[in-house]
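First the structure, in the form of structure tokens, and then the observations on it.
Rule-based calculations on the coordinates, nothing more; no lab input. Just so you know, these numbers come straight off a predicted model, no measurement behind them. FYI the Cβ positions are ideal-geometry reconstructions off the backbone, even for glycines, and counts take in every protein chain you see.
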Amino acid sequence: MLNSAINVLFEGRNMYRLIEGLLVTLKIGFIAVVITIVAGFVIGIIRTSKNKMVQLPFRIYLELFRIIPILVWLFVIYYIVPANFELSLSSETVALIVFSLWGTAEMSDIVRGAVISLPKHQLESSKALGLSIVQMYQYVLIPQAIKRVIPPMINLITRMVKTTALLTMIGVVEVIKVGQQIIEVNNSHYPTIAFWVYGLLFFLYFCICFPLSQLSRKLEQKWAV
Amino acid sequence: MTEALPFYKTALWVTLKLAGIGIVFAIIIGLLCSVILYFKIRILTNIVRVYLEVARNTPLLIQLFFLYYGLPKIGIMFSEEQCGIIGLAFLGGSYMAEVFRSGMEAVSKTQVEAGKAIGLSNTQLMRNIIIPQAISYSVPGFGANCIFLIKETSVFSGIAIFELTNTTKNLMGIFYKTNEALLMLVIGYLIILLPLSLFLTWLERRVRHAEFGN
């Protein structure tokens, strides 16, 4: 019985559909990560400013995403925006918005932390050399900060990939949803199918996240300061 | 709205209870694993390593689905709440282990060696030198993990536990008051997490004095 259920996974288009679902997940993840990196860098650099009026709004933005669970954010945007602004958003768009906002908040904190952790004399000597602010960031601060940014950034990407699992709860047809559909179809003939499908999903997520987290660790050790 | 308030009260309580129990188990698992890693106990170290990687690299939702829908099919049954607690402890244990281990490793080697030189046993070394300092090093990471785990309880709504998020979803279906219900949900999490986060910042400053030698 156990063995025949596992065969269902390879029957027909089941495997193909699961992979298709995984691609939906990865597509949303990928676009969100690109937005996160670009916007995170810009906001992170703005946040190194010492001006309190600049710091405060970004600080509140970051804390909001830190304190309120991502699932709640997904629900909030998914239900509130269409109800109040007569704007219909597909669940994929909602996912993309929430993930980009969240990622940007976290990324900006990583970039800010990295730039601030650079020794002060770097900043002072580049000022003494007469570099403009743009030159200072372009040639002195960012190239040095980047090594401190990349390992935590990969960690953040791993977290984002893991969190994409929540998308099934707002109805994105991604890999988990497809898995549930396969279970529903085959449940009466092969009761153990749920075990295999969820086992496979477990394994798939592990296969994506494990190399990323290893890479992050390796880079961190290599570039340790 | 007043009709719905008791539901939120129960939900808040369920969230707190599950998170609390889960975190306690996570701390126990974390401590065990970190001690095993610190003393490099053979075989066990490898098991712990595998556990850490598996738990850290898979989403909680999948872990819960596997526990709740997958395992009963091969004869292992848990109630929803047990699943939630097991899942949270499984995930949390790995994060806690990492924090405690790095806390122990942050205690400078010279102190450990000095302790050995004056003839302390491993237990004494652990109790009098490593643990007190490791605790103070671990507090920031520990606090962040607690907040993270409480937030993760929102995922429990996937396996039919009526905590804050799931209750809200239900109430939205009953009363059609989407905005109010979601506002209450956000407020619910703020009530739990804001004081906790302030408390942890305070605690972090308080325990600094235990650090020595830097």
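Relative contact order for region B:1-101: 49 percent, from Cα pairs under 8 Å spaced at least 6 residues apart, divided by residue count. For chain A, leaving out every one of the chymotrypsin sites (Phe, Trp or Tyr not before Pro) that falls in a DSSP loop and has at most 12 other Cβ atoms within 10 Å, the longest unbroken run is A:11-222. Straight-line cross-link partners of B:Lys9 among the aspartates and glutamates, defined as a Cα under 16 Å from its Cα and at least 8 positions apart when in the same chain: B:Glu163, B:Glu180. Contact order, relative form, for region B:5-210: 29 percent (alpha carbon pairs under 8 Å, 6 or more residues apart, mean separation divided by residue count).
Considering only Cα atoms, the convex hull volume of region A:2-222 works out to 150 Å³ per residue. The alpha carbon radius of gyration of chain B, expressed as a multiple of 2.2 N^0.38 Å, is 1.21.
The 3J(HN,Hα) values that the Karplus relation (6.51, -1.76, 1.60; θ = phi - 60°) gives for region B:99-105 are, in residue order, 5, 5, 5, 5, x, 5, 6 Hz. Gly and Pro appear as x. Ordering B:Leu183, B:Tyr51, B:Ser136 by Cα displacement along the dipole of the protein assembly as shown toward the positive end leaves B:Ser136 in first place; charges were set at the Cβ atoms of Lys, Arg (+1) and Asp, Glu (-1). Normalised by residue count, region A:80-200 yields a Cα convex hull volume of 142 Å³ per residue.
Along chain B, the exposed loop sites are chymotrypsin sites (Phe, Trp or Tyr not before Pro) outside DSSP states H, G, I, E and B with at most 15 other Cβ atoms within 10 Å, and the longest stretch free of them is B:40-175. Whole-Hz Karplus values for region B:121-128 come out as 6, 4, 5, 4, 4, 4, 6, 9 Hz, taken residue by residue from phi with 6.51 cos²θ - 1.76 cosθ + 1.60 and θ = phi - 60°; glycine and proline positions read x. Seen against the Cα atoms of chain A and their longest principal axis, helix A:142-163 is set at about 20 degrees. Angle, helix B:131-152 long axis vs. longest principal axis of chain B, Cα atoms, 0 to 90°, nearest 10? Taking Cα atoms only, the helix is inclined about 20 degrees.
What separates the Cα centres of region B:1-69 and region A:167-221 is a distance of 19 Å. Across chain B, where is the longest run that never hits trypsin sites (Lys or Arg not before Pro) in a DSSP loop with at most 10 other C-beta atoms within 10 Å? The reported range is B:43-214.
Restricting the GluC sites (Glu not before Pro) of region A:60-169 to loop positions (DSSP other than H, G, I, E, B) with no more than 10 neighbouring Cβ atoms within 10 Å leaves A:Glu86.
With all pairs of different C-alpha atoms in the average, the Kirkwood value for the hydrodynamic radius of the protein assembly as shown is 23.9 Å. Evaluated with a Cβ-only charge set (Lys, Arg +1; Asp, Glu -1), chain A carries a dipole of roughly 980 debye about its Cα centre, given to the nearest 20. A simple charge model with +1 on the Cβ of Lys and Arg, -1 on the Cβ of Asp and Glu and nothing else charged puts the dipole of the protein assembly as shown at about 1340 debye relative to its Cα centre.
Checked against a 24 Å cut-off, the cross-linked pairs A:Lys162/A:Lys218; B:Lys73/B:Lys169; B:Lys17/B:Lys177 give Cα-Cα distances beyond that limit for B:Lys73/B:Lys169; B:Lys17/B:Lys177.
Just want to confirm a number: the relative contact order over chain A, from Cα pairs under 8 angstrom separated by 6+ residues, in percent. 31 percent. Rounded to the nearest 10 degrees, the angle from helix B:178-206 to the longest Cα principal axis of chain B is 20 degrees.
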